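The values are calculated or read from the model by the stated rules, or taken from the named source; none is laboratory data. No experiment lies behind these values; they were computed from the predicted model shown. Quick reminder, even Gly has a Cβ in these numbers, built from the backbone with ideal geometry, and neighbours come from all protein chains shown.
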Amino acid sequence: MDRRQFIKTAGASALSFNLPFNAMASSLDFKQTPGSAKNLIYLYMGGGMSHMDTFDHKGSHKNQGPVKAIKTRAQEVEISEFLPLTAEHTDKMAIVNSMTSTAGAHAQGNYFMHTSYEMRSTIQHPGIGAWFQKFHGKLNKTLPGSVFVGGNSRTFGNRGFFEPEYAPLSISSPEAGLKNAKNPYFEDKEFHRLTSLTNELDEKFMKDFELDSTQSAVSTYREAMDLMSSPDLAAFKLDNVTEKDKTMYGDNNFGMGCLLAKRLVQKGIRTVEVSLGGWDTHSNNFDRVSLNTNTLDKAYSALLSDLEESGMLKDTLVVLATEFGRTPKINVNDGRDHYPKAFSCVLAGGPVRGGQKYGMTSEDGTTAVKDAVKIPDFNATIAKALGMPWQQQLFSPSKRPFKVAHRGKPVDALLTI
C-alpha cells in the first residue's frame, strides 16, 4: 500500500464510527500485489461434490466404491477416472484435499464458502467478487464488476452490506444472454436527451435529499445506463458460438457458462461465477456423479486450455469449489450424504503453484489428517492470489469490522507470491 492509499484507508477506518457508510462508497483503489491475478473465474459445484469420486481417490478402500483412479500430467497426482480431460491439466492445478468445514447444510455451507462467515439473520456479508471490486475497482468502467451465471449461489455471493454498485449481474441462461439491455421505445439520441432532461429535473431533489438510499438509486441507474451504451455489450451474446466450441466446452448451460466467463473476463469483468448443480447425491451417487463430472470435465478442461492458449491464464485465477463433501461411507441407497468434515477444492491459473495435491485425508476419507484447510483460509488464499489486502478491515453500516476472509490466513504453499 502506498502513502496515498494508507491515508485514504486509515482515515476511512478511523472515522467510520462518526461518518456515514457512504464515506467509503467508492472503490478503495488498492494496488494489486505484483504477480497476482487480475480476474477471477469461480466455478461453484452446488449441492456438495463428492471428494472421493473426483479429486481424492482412496485406492482399494471399501469406502471408495467402484470408481477407479487415473494418473495425470502431474507426477504422483491421481484423480478419478471420471475426469480424464482434467487429468491433462493437473500441472496447472493445486488440489486441496484437506478442506474442512463446520457447516453441513446447503444454505449455510454455501454462504460460508462464499463469505467466510457463518450465516446470520442480522447481516449479509459480501462475497469474494464484491470484495475484489471494492479493493481494486473495475477494469472496464462500462461493464459490471461481477457476473453470476446459473442459480446455485447468486444469493450467497452477493454484495452483502456493500453498496448496490457491488452487486453482481445475474444471468440464468448463458445462451439467452443479457435480456432487456436495449431500449425498445426510443432511439439512442432521443433516449439520452430524455435522460439529460430527467437529470436536470432531479438536480434540486438530489441536493435537498442527499441520502444513502438516494445515492444508491442514482448509482444503480447510472450503472445500467453505462451497460446499455457499452461497446462491449456484445460480449454477453453467444449467438456466434462455433460447433467446435460447443463440442469442446459442452453444449449445456455450464459449458456455455464457462465459455461466456472466458469472454467476459477478456472484456474486463473482474469476477465471473458459473454454477453447476446436481451434486446432492443421497442416492445413486455413482451414476449421478458420472453424469455431472462429464459436464464438469469438458467445460473445466476447455476453459483452462482456452485461457492458456490465449495467454490469459497467468492473469486469471480459476477456483473450483463446493460447500462440503459427501460421506465416505456409502449409504443403503448407493448414495453419499452431506459431509463437511473433509472435502476437496481446486485452484488454477494466476499465481497458483500447480502440479500438486495439498493436504491429506485419512485412508478411509473421513478426516483431514495433514495440513487441514478451513474455508476462511482457502478464501484468504484466493484473496492473496488476487492481490487483495486480506488483512484490511472495512466497516459495515452498523460500524462492525469485517475482513474478506474473516480470521483466515493464506496457505502460502499454494501460491508463488
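Being assigned to a loop (DSSP other than H, G, I, E, B) and closer than 30 Å to E363 by Cα is the requirement here; does V332 meet it?
yes
Here's a check for you: in segment 384-407, which residue that is in contact with a Pro (Cβ under 9 Å, 6 or more places away or on another chain) and in a strand (DSSP E or B) is farthest from V319 (Cα to Cα)?
F395
Being in contact (Cβ under 8 Å) with a residue 60 or more places away in the chain and of a type in the set (G, A, S) is the filter here; which residues of segment 232-260 pass it?
Matches in segment 232-260: A235, G257.
Go through the residues of segment 132-155 one by one and say whether even a single one is assigned to a loop (DSSP other than H, G, I, E, B), modelled with pLDDT of 95 or more and within 18 Å of S398 (Cβ to Cβ).
Within segment 132-155 (the criterion being assigned to a loop (DSSP other than H, G, I, E, B), modelled with pLDDT of 95 or more and within 18 Å of S398 (Cβ to Cβ)), the answer is no, since none of the residues qualifies.
Of all residues being aromatic (F, W, Y) and in contact with a Phe, Trp or Tyr (Cβ under 9 Å, 6 or more places away or on another chain) in segment 334-376, which is nearest to S310 (Cα to Cα)? Just the residue, please.
F343
Evaluate the following for G127: is it modelled with pLDDT of 95 or more, of a type outside the set (A, V, I, L, M) and more than 18 Å from L347 (Cβ to Cβ)?
Criteria not met by G127.
List pairs: first residue in segment 31-43 and among the hydroxyl-bearing types (S, T, Y), second residue part of a loop (DSSP other than H, G, I, E, B) anywhere in the structure, Cβ distance under 7 angstrom, at least six positions apart or on different chains.
T33/G387; T33/I417; S36/G350; S36/P351; S36/L386; S36/G387; S36/I417
Would it be correct to say that K341 is charged (D, E, K, R), assigned by TED's automatic domain parsing to the domain that holds E78 and either at positive phi or without any contact (Cβ under 8 Å) to a residue 60 or more places away in the chain (or both)?
no
Would you check if there is a residue in segment 31-40 being small (G, A, S), under 19 Å from I382 (Cα atoms) and touching a Ser or Thr at 6+ places or on another chain (Cβ under 9 Å)?
Within segment 31-40, one or more residues are small (G, A, S), under 19 Å from I382 (Cα atoms) and touching a Ser or Thr at 6+ places or on another chain (Cβ under 9 Å).
Of all residues being touching a Ser or Thr at 6+ places or on another chain (Cβ under 8 Å) and modelled with pLDDT under 75 in segment 193-231, which is farthest from V147 (Cα to Cα)? Just the residue, please.
Going through the qualifying residues, I end up with M206.
Under 8 Å by Cβ, and 6 or more places apart or on different chains, what pairs join a residue from segment 298-320 that is assigned by TED's automatic domain parsing to the domain that holds A87 with one that is surrounded by 23 or more Cβ atoms within 10 Å (Cβ to Cβ) and at pLDDT below 95?
Pairs found: none.
Regarding R263, is this residue touching a residue at least 24 places away in the same chain (Cβ under 8 Å), assigned to a loop (DSSP other than H, G, I, E, B) and in the same structural domain as P66 (by TED's automatic domain parsing)?
For R263, the condition - touching a residue at least 24 places away in the same chain (Cβ under 8 Å), assigned to a loop (DSSP other than H, G, I, E, B) and in the same structural domain as P66 (by TED's automatic domain parsing) - is not met.
Return a yes/no flag: does segment 268-279 have any residue that is more than 16 Å from the chain's Cα centre (by Cα) and farther than 30 Å from F135 by Cα.
yes
Which one of these is more than 18 Å from L40 (Cα to Cα) and more than 17 Å from the chain's Cα centre (by Cα): S305, S301, S283?
Answer to the selection: S283.
Hand me the list of strands (runs of 3 or more DSSP E) wholly inside segment 33-118 holding 1 or more residues that are aromatic (F, W, Y) and either in contact with a helix residue (DSSP H, G or I) (Cβ under 8 Å, 6 or more places away or on another chain) or surrounded by fewer than 24 Cβ atoms within 10 Å (Cβ to Cβ) (or both).
Because the criterion is at least 1 residues that are aromatic (F, W, Y) and either in contact with a helix residue (DSSP H, G or I) (Cβ under 8 Å, 6 or more places away or on another chain) or surrounded by fewer than 24 Cβ atoms within 10 Å (Cβ to Cβ) (or both), the strands (runs of 3 or more DSSP E) in segment 33-118 that meet it are 39-45.
Tally time: how many residues in segment 346-401 are basic (K, R) and surrounded by 24 or more Cβ atoms within 10 Å (Cβ to Cβ)?
1
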